[in-house]
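The structure appears right after this line, and notes come after that.
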């Protein structure tokens, strides 16, 4: 740079190497973007007041025996017995409250009911609202559940040990719920009958898992959040949380037990591990794969937050304000009032706008450098489009979710593409633009995006205001001390990398790479402010384009050839034998898209020959089976009456020996408005594909009595109108012999998930 602040031309090879060195550093930083969240090694020794990971895992190994233990099953009865013994060994007197409960499913389309048995015990003394420490001890049908949610149970048992040694002067309720995997029924049962637990609910800490490794993230809070998040940040453990992730989670259809408590008006936080998603709800969620460092990190957070909450003031939980917050490199924690963060963000944006204008050389007017101003939006748009098209192009000859086993290959493809587009933008849009103008323009657009997102969702603001403040300081330093311009720009860029690269990793972990365009957009948005470091590209273009183009092509090649699935990142694959008891037809289906199936499986099936099973619109690979009579689910009409309001009330008794679930698919034309089960009424959900869906899960399904209230039609049916068909389905978590051979051929890189392999019978009935 010369004395006038203009970029000084460099010899082409030197210039090119400088640019390539810059991108090489970024590639390394991107490749290791999860490094700031790397966990501390498990302590081999610890003080008496520290969380003992080894002891927690010993307890977990005694409670869980490696078999699935879903709600209302023999296996869960045995798990509960072991859990009660473990709690008693610590010195507490556990209790069990059993009751039927119903709730709408997480997807919002059906009602699920089950018999649940919550385990609870109390610690502490004194009166007033209790700190509720909760996790669930049930699992899905296909998983032993050491991660989800054995980790939460193990952590709370160890915390209970500490509270036994040092009883708090505040009441504490340990709530280990049943039925979380069944529409959060254990938490719903607690909310329905809180008086039975003998405490007033104050604050809640819920522990969860959506994988088997990674840091324990605080990813959900209630509102207002200032008091409880502020106290959580003082727990003494490495903080991993930001209000953006909390805001994103609130927009997703995901729920945990805490969701029920928050809807009930309670205040709480949710902490979970989320990496290792490939093992989530599969038969590989076992003790061997549960990361010990993750247990320690969750334990340190849970124990620290418990102590902090018990010592804190909860009086402002309902009246305090909202804060935006974020960790920085899992080392520092920054929190600001939301309105203050928005004001600061606006000021940073104003500074960037001021830096964009400069005195005209031929007049006293101010003007914008439109070349620099156009560069970031062009970069963002083209990078997003390139990422999308690249993913789609590879998907033309690869199986769905082809990036599962090696997501880093596709990630590097997106990043290399963004780097290539950045160089093109510098070369053609801004070859002679000053560094300070590039700097201001990149930050101008970065902050515009930040302001737009933050006004829509205030929790996003902290992720933009922290780097925005660093931008203002760096810009001021570069203006005051021109010789330190590049170091100042580097410092601002480092802050971007520290905040946004780990977020890209978390988005990949929690949401996957299906939204390729979003990754391309975010990467370009982050890269644009950094381009001032290298300045306009006037020389060495061929070498730079060639090197980055080669990186892009190599990344595409790697993505195209690496296996889609592996033993460590397997394909989720269930098989389902379906019996139509009326048409006397049977078929076995593979529960994965045909393009993802291993050839050994696909060779035994066909696509399109067999209609999709009831309730599915996907064309699944399947084959016909010889129909054989077998036990199936039925609904017996007990009573049928009409109330004074003209509404029809029918009572049905369900039956299916040994079935895991009995499902009723009620035609929309029946107009059901509510379900009454065990004396409690639940409003019907929205119909799904023309049917309302009700499921009774567990052993209680056989013999369950349901009462439906049906709204009379707006106009009387004609005498010739036939009653609509109800579909009664029985679901067993096993396969008949004629389908079991297919399941036995499942390769090592495929696993059972959720309910696992099932046999489903469907019978039409009219009421």
Exposure proxy check: 18, 370 ranked by fewest other beta carbons within 10 Å? 370, 18
Using alpha carbons only, how many degrees (0 to 90, rounded to 10) separate the axis of helix 541-561 from the longest principal axis of the chain? 10
Give me the distance between the Cα centres of segment 518-544 and segment 187-235, rounded to whole Å. 43
Please determine, in degrees from 0 to 90 and to the nearest 10, the orientation of helix 370-395 with respect to the longest principal axis defined by the Cα atoms of the chain, where the helix direction is its Cα long axis. 40
Helix-only [θ]222 nm of the chain, DSSP H runs n ≥ 4, -39500 (n - 2.57) each, per residue, nearest 500: -12500 deg cm²/dmol
For 261, 161, what ranking results if the residue with the fewest other Cβ atoms within 10 Å of its Cβ goes first? 161, 261
Taking the chain as the reference, fit the longest principal axis to its C-alpha atoms, fit the long axis of helix 516-527 to the helix C-alpha atoms, and give the angle between the two in degrees, 0 to 90, nearest 10. 30
Added length on full extension, which subtracts the Cα-Cα distance from 0.36 nm per residue, residue 617 to residue 200: 145.5 nm
Tell me, what is a quarter of the convex hull surface for the C-alpha atoms of segment 197-333, in nm² with one decimal? 9.0
State whether segment 613-759 is rounded, prolate or oblate according to the following rule on the C-alpha gyration tensor (a ≥ b ≥ c being the square roots of its eigenvalues): a/c under 1.5 gives rounded; otherwise a/b larger than b/c gives prolate, and the remaining case gives oblate. prolate
Mind running the shape call on segment 53-321? Use the C-alpha gyration tensor, a ≥ b ≥ c as the square roots of the eigenvalues: rounded below 1.5 for a/c, prolate if a/b tops b/c, oblate otherwise. rounded
For segment 53-321 the mean separation of alpha carbon contacts under 8 Å (6+ apart) over residue count, i.e. relative contact order in percent, is 23
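Bear in mind these aren't lab numbers, they're just calculated from the coordinates by the rules spelled out. All values derive from a computational prediction rather than experimental measurement. Here Cβ is always computed from backbone atoms with ideal geometry, including for glycine, and neighbour counts include all displayed protein chains.
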